[in-house]
Amino acid sequence: DKSTGSGGTEYHLSFIGMNGFSGKSFELIYVSNRTDTYDEFRKGLTSVIKMGLMPFVSQTALGRSISIEAGELALKKEQNNKEHDKWNYWVFGVNTNGSYEKEESRKSYSIAAGINGSRVTENWKFRFDMSKRIRENDYADGDDIIVSKFDEQNASTSAIRSLSKHWSAGMFMGYSSSTYTNMKNNISYNPGIEYNFFDWKECDKRELTVAYMNGLKHQQYIDTTIFGNISNNLWWHSLRTSLSMTQPWGGVYARLVGTNYPNNPDKYSVSFHTSLSLRVAKGLSVYFSNSVQSVHDQFYLPKGEATREEILLQQRKVATAYEISFYSGISYSFGSMFNNVVNERF
């Protein structure tokens with residue numbers, strides 16, 4: 001499945017013949033809208049699945065008892081909607097959330113809000129995104145009150161042009177600030193180019209891309225850094241390669257990213273992420289995910305030692321040469337395949 005420009009999801013359903021239908025296979029596409037309810041999504045997807053099964057059913061005795069009706073009114077309505085798009089492919093979203101918790105010795109609250117918009121066509125992809133998040137935790141330690149504050153805001157915009165079946169080019173701009181990373185203002189501007197070894201029309205099944213980006217960052221810090229800077233201008237470039245495959249046996253994804261700073265050649269970062277899902281047998285699947293990063297570009301670290309409270313309450317990013325994470329799991333389902341009873345009590 002892939003996200004559409006309107007915020008919905010495009011599902012590619014592969015119908016693969018087995019046993020007596022071996023060698024017969026084809027694909028249908030179902031697109032859900034962002035505003036669809038679960039019932040609308042269920043009915044739409046079920047309808048496409050039924051259509052996908054028809055070529056196989058028609059070759060059996062059941063084919064004689066099947067009748068097909070065309071929903072002409074629905075087709076005309078869909079066609080009219082496409083011809084009268086008053087938003088000109090633009091889609092916007094607004095979100096907000098908040099929380100409050102209180103105990104005898106602790107209270108906390110958080111507020112977050114964001115707005116985004118995008119316009120996606122076959123040739124162009126425009127997007128902007130803005131968000132802000134505030135969080136505060138107050139702890140009572142005897143007569144002392146320990147306050148942990150977190151304030152973060154982000155904004156980004158991009159324009160990406162499809163050049164051919166394999167090439168794409170884009171321009172990206174961003175802004176961010178975060179008390180956790182000692183960042184007062186972080187402004188970035190960079191172009192990029194990407195090549196996909198496969199046709200982009202096959203992205204639901206496989207992708208193998210290489211992308212290069214080159215740009216400038218202007219960073220202003222809340223506190224003076226360990227390098228004695230209160231601001232910095234950084235020229236940076238990065239190379240990224242990624243692989244994504246979805247097959248009947250499962251899926252695999254891998255991404256390798258390297259970033260370097262030509263005016264500070266000893267500063268760099270390299271990250272490698274992989275995820276793998278395997279269908280071992282009917283009802284049995286295993287999955288793995290890991291991420292490894294070599295970190296040598298923490299320009300933002302404030303000078304001075306972090307206090308015990310800052311470390312424990314994650315108020316401040318501390319120096320590290322690497323970051324590693326690993327996740328794995330197994331799932332297995334079994335039992336009756338013919339129990340279609342719906343009972344949602346409690």
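The values are calculated or read from the model by the stated rules, or taken from the named source; none is laboratory data. These figures come from a predicted structure and were not determined experimentally. Cβ sites come from the backbone with ideal geometry, for glycine too, and all protein chains shown count toward neighbours. For the accessible areas, the whole protein counts, side chains as well, though only heavy atoms, and no ligand, DNA or RNA atoms are used. Shrake-Rupley method; radii C 1.70, N 1.55, O 1.52, S 1.80 Å.
Give me Rg/Rg_expected for region 138-238, where Rg uses Cα atoms only and Rg_expected = 2.2 N^0.38 Å with N residues.
Numbers: Rg = 20.1 Å, N = 101, 2.2 N^0.38 = 12.7 Å.
Region 138-238 yields a ratio of 1.58.
Radius of gyration over Kirkwood radius for region 95-186, both on Cα atoms: the Rg/Rh ratio is 1.22.
Computed from Cα positions, the angle between helix 72-83 and the longest principal axis of the chain comes to roughly 30 degrees. Can you give the Kirkwood hydrodynamic radius of the chain from its Cα pairs, in Å with one decimal? One decimal place: 25.2 Å for the Kirkwood radius.
Which entries in the list Lys132/Lys165; Lys43/Lys282; Lys165/Lys217; Lys86/Lys217 go over 28 Å, if you measure between the two C-alpha atoms of each?
Values: Lys132/Lys165 37 Å; Lys43/Lys282 26 Å; Lys165/Lys217 31 Å; Lys86/Lys217 37 Å.
Beyond 28 Å: Lys132/Lys165; Lys165/Lys217; Lys86/Lys217.
Spatial offset of region 155-194 relative to region 239-306 amounts to 19 Å, using the alpha carbon center of each.
The angle separating the long axis of helix 38-57 from the principal Cα axis of greatest extent in the chain is about 50 degrees. Per residue, region 233-295 exposes 55 Å² of solvent-accessible protein surface, assessed with a 1.4 angstrom probe and all protein chains in place. Checking every one of the trypsin sites (Lys or Arg not before Pro) in region 124-179 against DSSP loop status and a limit of 13 other Cβ atoms within 10 Å picks out Lys165. Of the solvent-accessible surface of the chain, computed with a 1.4 Å probe and all protein chains present, 56% belongs to carbon and sulfur.
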